Each structure stands twice: as structure tokens, then as C-alpha cells.
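Values quoted throughout were computed directly from the atomic coordinates according to the rules given, and no laboratory measurement underlies them. This structure is a prediction, so every number in the text was calculated from the model and none was measured. Glycine also receives a Cβ, built like all others from the backbone with ideal geometry; neighbour counts cover every protein chain displayed.
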Amino acid sequence: MSVRVFTTGGTIDKVYFDAKSSFQVGEPQIGELLAEAGVSSTYSVTPLLRKDSLEIDEDDRALIADEVAAAAERRVLITHGTDTMVETARALLGIPDKTVVLVGAMQPARLRVSDAFFNIGFAFAAVQLLPPGVYVAMHGRIFDPRRTHKNVAAQRFESDAD
């Protein structure tokens, strides 16, 4: 079973620049994190975008959907910024016969204390185990994007049924 990984940027790939006192989206981190974790499953990483998720628009979502639909793999993992991850997941709901999992982080992967490593490992396992559909995997939970939102104040995702 092979997994295609698409990267779109977001906090998970952000880099802190002292001179600018801000974060900017850097190179995708998922390949390095999967290698460090010793993942032995077959996967390939394809960078699609390098954007903060607040900058991802409908054209970008159409590109992501086209790439997911065209991928030979039936299992697709997408790294994405958390602010608009649910919107992108909803835009992928019509793609048949694929298991698509979106994952992000609240802190950049390059920081010593980050949820990125755990979230990626969790999402990588989830994409291999879940039935076809579109999911958001964050902080040890799987969410249906049709009934999910980001609670900005609590810095977590929640089901609308919570």
C-alpha cells in the first residue's frame, strides 16, 4: 500500500526569522519527519503549494482536488494549515474511491515543542486504516469535515457534536 503525500504549506512548515520577527512558510517537513520516525511504508511526497492556509483560495483548492483525483494512489495525506483545513477538506468530498486525510500543526515542526511530529504520525497511520472518504486528523482524533470546526481560543479541532 503506497501513500501519496501532498504538501500545501501552513504552520507545520513555517520557519522563524529573527530579523523579521515573523514566521514564513519554508520547505516541506513531512519527508524528513517520516524518515526520522523510521516509517517503512511506501510513500512519495509532492509539494503543491507553499502558503499559509489563510492565503489558500478556491483556485488552490481546485488544484489540490485535481491532484488528489489524478493520483495513482488510493491513500492520500495532505499537510495543510489549520485555519482553512476544514474548507479544503470539504472541497475534496466528491472524490470517489480514495482515503484522504488532512493534517496540520499548531506549532512549526522545526520548533522543539511542536504537535507536528505526533499529528503526522497519527495521520499517516489513519490514512492507511480508514475507509474511503475525507478526514481531518488532529491531536489524536479523526474528524468528519462536514461536522468539524477549529476552536481558535482552545487551539484544537472539535466536532460540531462536542
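Take the alpha carbon gyration tensor of region 84-162, find the square roots of its eigenvalues, order them as a ≥ b ≥ c, and report rounded if a/c is under 1.5; if not, report prolate when a/b exceeds b/c, else oblate. Oblate, since a/c reaches 1.5 and b/c is not below a/b.
Hydrodynamic analysis of region 1-153 uses the Kirkwood radius over alpha carbon pairs. Inserted into Stokes-Einstein at 10 °C and 1.306 mPa s, it gives a translational diffusion coefficient of 104 µm²/s. Report the antiparallel proportion of the DSSP beta bridges in the chain as a percent, rounded to a multiple of 5. Roughly 35 percent of the beta bridges in the chain run antiparallel, per DSSP.
Taking amide H as placed 1.01 Å from N in the peptide plane, residue 6 has its amide H under 5 Å from the amide H of 46, 77, 78, 79, each at least 5 places away in sequence or on another chain. Converting phi to 3J(HN,Hα) with the Karplus coefficients 6.51, -1.76 and 1.60 and the offset θ = phi - 60°, region 64-77 yields 4, 4, 4, 5, 5, 4, 7, 4, 5, 6, 8, 10, 10, 10 Hz in sequence order, with x at every glycine or proline.
Residues 135, 43, ranked from the fewest to the most other C-beta atoms within 10 Å, line up as 43, 135. Simple spin-label estimate for residue 144 and residue 161 gives 0.6 nm between the two label positions (7 Å along the Cα-to-Cβ direction from each Cα).
Computed over neighbours whose Cβ is under 10 Å from that of residue 132, the net charge equals +2, Lys and Arg +1, Asp and Glu -1.
In the chain the longest region clear of trypsin sites (Lys or Arg not before Pro) that are loop-assigned by DSSP and have at most 10 other C-beta atoms within 10 Å covers 21-111.
Taking amide H as placed 1.01 Å from N in the peptide plane, residue 51 has its amide H under 5 Å from the amide H of 9, 10, each at least 5 places away in sequence or on another chain.
Rounded to the nearest Hz, the phi-derived 3J(HN,Hα) couplings of region 126-134 under the Karplus curve 6.51 cos²θ - 1.76 cosθ + 1.60 (θ = phi - 60°) are 4, 5, 7, 9, 6, x, x, x, 10, where x marks glycine and proline. Residues whose amide H falls under 5 Å from that of residue 157, counting only those 5 or more places apart or on a different chain, are 151, with hydrogens built in the peptide plane.
Straight-line reach from residue 14: taking Cα to Cα under 20 Å and skipping same-chain neighbours fewer than 8 places apart, the lysines in range are 51, 150.
Computed from phi, the 3J(HN,Hα) profile of region 94-111 under the Karplus parametrisation 6.51, -1.76, 1.60 (θ = phi - 60°) reads x, 7, x, 6, 10, 9, 10, 10, 9, 9, x, 8, 8, 10, x, 4, 6, 7 Hz, with x in place of Gly and Pro.
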